[in-house]
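Undergrad: Provided herewith is a single structure, encoded as structure tokens, for subsequent inquiry.
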Amino acid sequence: IQKLSLQYEKSKYKMKQKIVICVVTIGTLAILILQGFWLMNMYTQYRKDVSEQMLSKYQLAIELELGMRSSAKAKEQMYEFTPKKVIPTKKLHEYTGDTIKLTDAIQQNVGNNFAEIFSQIYQTVLITKGKFININDLDSIYEQELKKQKLQTQHVFILYNNEGRCISFSGDTLQFAGNTHILSAIQPIGAKSLQSLKLLVNLPPNLILDRMASALIISFLLAILIIACLLYQLIIIRRRDNLLYKRAAAINGVIHDLKSPLNATHAILLYFAQVEENKDKLELLKSGKARIERLGNIIESLLLVAKSQKQEIV
């Protein structure tokens, strides 16, 4: 019986160990999965931010190149933009040029505000005069603007006419063939879309990961710390369970060892009580037998307490 009891306790202990190991393993996997989702979302957000920065620098480079291209001829002709409603009707004939309605220009995707519409109109003026975008100047300006943001990556500009034919380009376009990490943007040039400019930028993952370096290190350290805490708790639990199992086995062994001599003593006293004729000795034998029975009951109670799963061991 004692051997079967110990085997049962040992099997329960092993089952408990397996449950604890499964819980810790599931917890560790859950932490790693959540950490992976968090890093993926962060990578997506960083990529979006970098893309927006590159596109804003793209627009800025176009404006700066326009300024460089127009500065050489700035003194030859002045352009004035005047609201039509402030011009007297008698003097309208003195003004030459186009009349532009802001709402119509916005609906035609010329620009989103007056500054953009003015820029596109001025692009049209220069293009009609044969002053096309200087791709090399544009490329140089864009590269300088990217360096200010510490964004150094491969890029190329391609200029098309209104028929979609390539006029000029900067850099080697073949390096982007088959590349899946490409940011592409097309910008119409001129109010009448006389030309269009296409930008291709290589956005390799390491460009984004470099910006996430601090977040990656902190995330990695936190994951290691949490997993280490879980493993430490697992080790502590296993050690304490092992200690409690050994204590329970020792208690059960001692209690069972106590029962055997008590049972033998009880049998001997019972035998002497049956053959004893002296009343005084018989009373002593009965008293001794009662005390042994009481001690046996205490041992049985200890066994019940030791086997009970609801009892706390202090």
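Undergrad: List, please: which pairs have Cβ atoms under 6 Å, are six or more places apart or on different chains, and start with a residue in the range 43-70 that is open to solvent by less than 50 Å² (accessible area, probe 1.4 Å) and end with one that is hydroxyl-bearing (Ser, Thr, Tyr)?
TA: Sorted first by the residue in the range 43-70, then by its partner, the pairs are 61/142.
Undergrad: Regarding residue 136, is this residue open to solvent by 20 Å² or more (accessible area, probe 1.4 Å) and either under 37 Å from the mean Cα position of the chain (by Cα) or over 19 Å from residue 191 (Cβ atoms) (or both)?
TA: In short, yes.
Undergrad: OK, next. Within the range 129-151, which residues are among the polar types (S, T, N, Q) and not in a helix (DSSP H, G or I)?
TA: 134, 149, listed by residue number.
Undergrad: Do you know which of the residues in the range 232-242 that are open to solvent by 80 Å² or more (accessible area, probe 1.4 Å) and in contact (Cβ under 8 Å) with a residue 24 or more places away in the chain is farthest from the chain's Cα centre (by Cα)?
TA: Per the stated criteria, the residue is 238.
Undergrad: Shifting gears a bit: Please enumerate the residues belonging to the range 165-206 that are outside any strand (DSSP E or B), under 26 Å from residue 123 (Cβ atoms), open to solvent by 30 Å² or more (accessible area, probe 1.4 Å) and touching a residue at least 24 places away in the same chain (Cβ under 8 Å).
TA: Once the filter is applied, which keeps residues that are outside any strand (DSSP E or B), under 26 Å from residue 123 (Cβ atoms), open to solvent by 30 Å² or more (accessible area, probe 1.4 Å) and touching a residue at least 24 places away in the same chain (Cβ under 8 Å), the range 165-206 yields 171, 173, 191, 192, 193, 194.
Undergrad: How many residues are in contact with a helix residue (DSSP H, G or I) (Cβ under 7 Å, 6 or more places away or on another chain) and exposed (fewer than 15 other Cβ atoms within 10 Å of the Cβ) when one looks only at the range 217-229?
TA: Matching residues across the range 217-229 total 0.
Undergrad: Pull up the range 249-274, narrow it to residues that are free of Cβ contacts under 8 Å to residues at least 24 places away in the same chain and closer than 18 Å to residue 304 by Cα, then point me to the one that is least open to solvent (accessible area, probe 1.4 Å).
TA: 250
Undergrad: What are the pairs with Cβ atoms under 8 angstrom where one residue, in the range 148-161, is modelled with pLDDT under 85 and open to solvent by 50 Å² or more (accessible area, probe 1.4 Å) and the other, located anywhere, is assigned to a loop (DSSP other than H, G, I, E, B) and of a type in the set (Asp, Glu)? Sequence gap at least six, or different chains.
TA: none
The values are calculated or read from the model by the stated rules, or taken from the named source; none is laboratory data. Just so we're clear, the structure is a prediction, and the values are computed from it rather than from any experiment. As a convention, Cβ positions derive from the backbone with ideal geometry for all residues, glycine included, and neighbour counts pool all protein chains shown. Ligands, DNA and RNA are excluded from the accessible area calculation, which covers all protein heavy atoms including side chains. Shrake-Rupley method; radii C 1.70, N 1.55, O 1.52, S 1.80 Å.
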